[in-house]
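Trainee: My structure is below; once you've seen it, I'll send some questions.
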Amino acid sequence: MESKKKGHFKGMVPLIVFLILYMATGLISGSFESMPLMIGILIAIGIALTMNNKENPKTFDERVMMFCKGGGDSGLMLMVVIFILAGAFYGVANGMKAVDSITNLGLTILPSNMILPGLFIIACILSFSMGTSMGTVAALAPIAIDIAGKTNSNLALVCGIVVGGAMFGDNLSFISDTTIAATRSQGVSMKDKFKANILLVLPAVIINLVLLAFQPIDTTTLSGATHEFNLVNILPYVLVIVLSLIGIQVVLVMVAGIFSGMVIGMIHGDFGLVEFMKIAHDGMKGMEDMAIIAILVGGLVALMNYLGGIDWLLSVLTKNTKSARGGELSIAALVSLMDIATTNNTISIIAAGPLAKDISNQFGISPSRTASLLDIFSAAFNGLLPYAGQLLVIGGMAGISPVSIMPYNWYSLLMIVVALLSIALGFPKGKLSDHSKFVTDNAVAEGEIVK
């Protein structure tokens, strides 16, 4: 089926200018951190506000209100609230030493001859619990580098293992900003997205573990090492995972996780009530930029839609697409290109989400399947880009080039291969009914889901 609305290329100009500025600044300066995302997006918004649709002209004031309405969408505001709560949870969990306990528990229970697969498993568990790939890389990189030195292992390989495991949780965690963005943009529950997502990545996890198990390693220096942990400290993460799988509303899940972390932390003497509030606030501040950017992107997308850019891009992507398989490939290509250009998988999902939803509606692709594809491809490419944060951070800590780590992030490569095979084979198929279940579970009126 072909889109009836052809749209206008000029509606894409604001986004194209942003991408050119972002990429050019990174290439010229040698660092893709040089152009702050918020500044780049504000420039794109400024350009969009100066443009008008000749077929439906609006005054400048009307275009500003259109931007505000897009940025203030009810579903987008819920996403922002969840971002802030997730930041508070991460801050509290880190303050009560839950991160340390998870890492040390993994190092304790895993046999030394399985240290490389074990390191990947620890990274997966930690990133799934924390919901952040950058936090996982920062927490595990020193341990991984030490392991590489003590076992005469390939340092680039060990770094690739950590980044791969970090992207596992970034893709699947219930408190990951990418999961939040993907589910909210497609109007699907986290539980349904998780079910569809885990089926796609499980083969990649298994293959990666098998490959790592056959890597030679000297474990003599690791025998007898002790790692302290407290199982009680892990309870907030367990609670968040269990409540999410049960299907409890995500805001309540986040509040329960924060409260349980507060109680355990105060009992163990990690912090008092006043210090808890400061720690939670600091965690929230860590998500402020992401929340504001999400609002700005929502407004920008609304302006681009008014200018005909969204319809034009949808028409181009689906011009020769005749089936759901082609639609899925279009969604994968869209979010992958956005991620390569911005090096930020969350922003890529937020920007590509509305268009991906249009494609999924046009070709009968289930919302859970669409959300999974958005999250998988954005996470995979983010873990492979040598100018993205994950490889830059661990490369800097290890003292090696991020480019040398790329070929050893086997899990991200396998994610792409497995996801493409899934699209080619048309398996597994999601249920089109999961969107209606989302509406019922969250008591959202028909027509109020993020579009």
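Trainee: For the stretch 346-359, enumerate the residues that are out of contact with any Leu (no Cβ under 9 Å at 6 or more places or on another chain) and of a type in the set (S, T, N, Q).
Mentor: THR346, the sole residue that qualifies.
Trainee: Can you confirm whether the stretch 280-289 contains a residue that is surrounded by 24 or more Cβ atoms within 10 Å (Cβ to Cβ) and modelled with pLDDT under 90?
Mentor: No, the conditions are met nowhere in the stretch 280-289.
Trainee: While we're on this one: Among the residues of the stretch 143-158, is there at least one that is crowded, with 24+ Cβ neighbours inside 10 Å, in a helix (DSSP H, G or I) and at pLDDT 85 or above?
Mentor: yes
Trainee: On to the next question. With the requirement that a residue be open to solvent by 10 Å² or more (accessible area, probe 1.4 Å), more than 14 Å from the chain's Cα centre (by Cα) and among the aliphatic types (A, V, I, L, M), what does the stretch 341-364 give you?
Mentor: ALA341
Trainee: Kindly list, by first and then second residue, each pair from a residue in the stretch 48-76 that is within 20 Å of ILE295 (Cα to Cα) to a residue that is part of a loop (DSSP other than H, G, I, E, B) and at pLDDT 95 or above, limited to pairs with Cβ atoms under 8 Å and residues at least 6 apart or on different chains.
Mentor: Note: no pairs meet the criteria.
Trainee: Evaluate the stretch 299-318: report whether one residue or more is open to solvent by less than 20 Å² (accessible area, probe 1.4 Å), part of a helix (DSSP H, G or I) and in contact with a Phe, Trp or Tyr (Cβ under 6 Å, 6 or more places away or on another chain).
Mentor: Within the stretch 299-318, one or more residues are open to solvent by less than 20 Å² (accessible area, probe 1.4 Å), part of a helix (DSSP H, G or I) and in contact with a Phe, Trp or Tyr (Cβ under 6 Å, 6 or more places away or on another chain).
Trainee: Yes or no: the stretch 387-401 includes at least one residue that is open to solvent by less than 10 Å² (accessible area, probe 1.4 Å) and in a loop (DSSP other than H, G, I, E, B).
Mentor: Looking through the stretch 387-401, at least one residue is open to solvent by less than 10 Å² (accessible area, probe 1.4 Å) and in a loop (DSSP other than H, G, I, E, B).
Trainee: Could I ask something else about it? If you take the residues in the stretch 59-106 that are surrounded by fewer than 15 Cβ atoms within 10 Å (Cβ to Cβ) and outside any helix (DSSP H, G or I), which one is nearest to the chain's Cα centre (by Cα)?
Mentor: Among those residues, the one meeting the criterion is GLY72.
Trainee: Can you pull out every residue in the stretch 3-47 that is of a type in the set (Phe, Trp, Tyr) and without any contact (Cβ under 8 Å) to a residue 60 or more places away in the chain?
Mentor: PHE18 - this is the single residue of the stretch 3-47 that is of a type in the set (Phe, Trp, Tyr) and without any contact (Cβ under 8 Å) to a residue 60 or more places away in the chain.
Trainee: Just to be sure, is SER315 over 23 Å from LYS69 (Cα atoms) and touching a residue at least 40 places away in the same chain (Cβ under 8 Å)?
Mentor: The answer is yes for SER315.
Trainee: Restricting to the stretch 172-211, name every residue that is farther than 30 Å from VAL297 by Cα and either of a type in the set (Val, Ile, Thr) or surrounded by 24 or more Cβ atoms within 10 Å (Cβ to Cβ) (or both).
Mentor: Hits for the stretch 172-211 are VAL205, ILE206, ILE207, ASN208, VAL210.
The values are calculated or read from the model by the stated rules, or taken from the named source; none is laboratory data. What you are looking at is a predicted structure, and each value in this text was computed from that prediction instead of being measured. Using ideal geometry, Cβ is built from the backbone for each residue, glycine included, and neighbour counts are taken over all protein chains shown. Just so you know, the surface numbers come from the protein's heavy atoms only, side chains and all, with ligands and any DNA or RNA stripped out. Shrake-Rupley method; radii C 1.70, N 1.55, O 1.52, S 1.80 Å.
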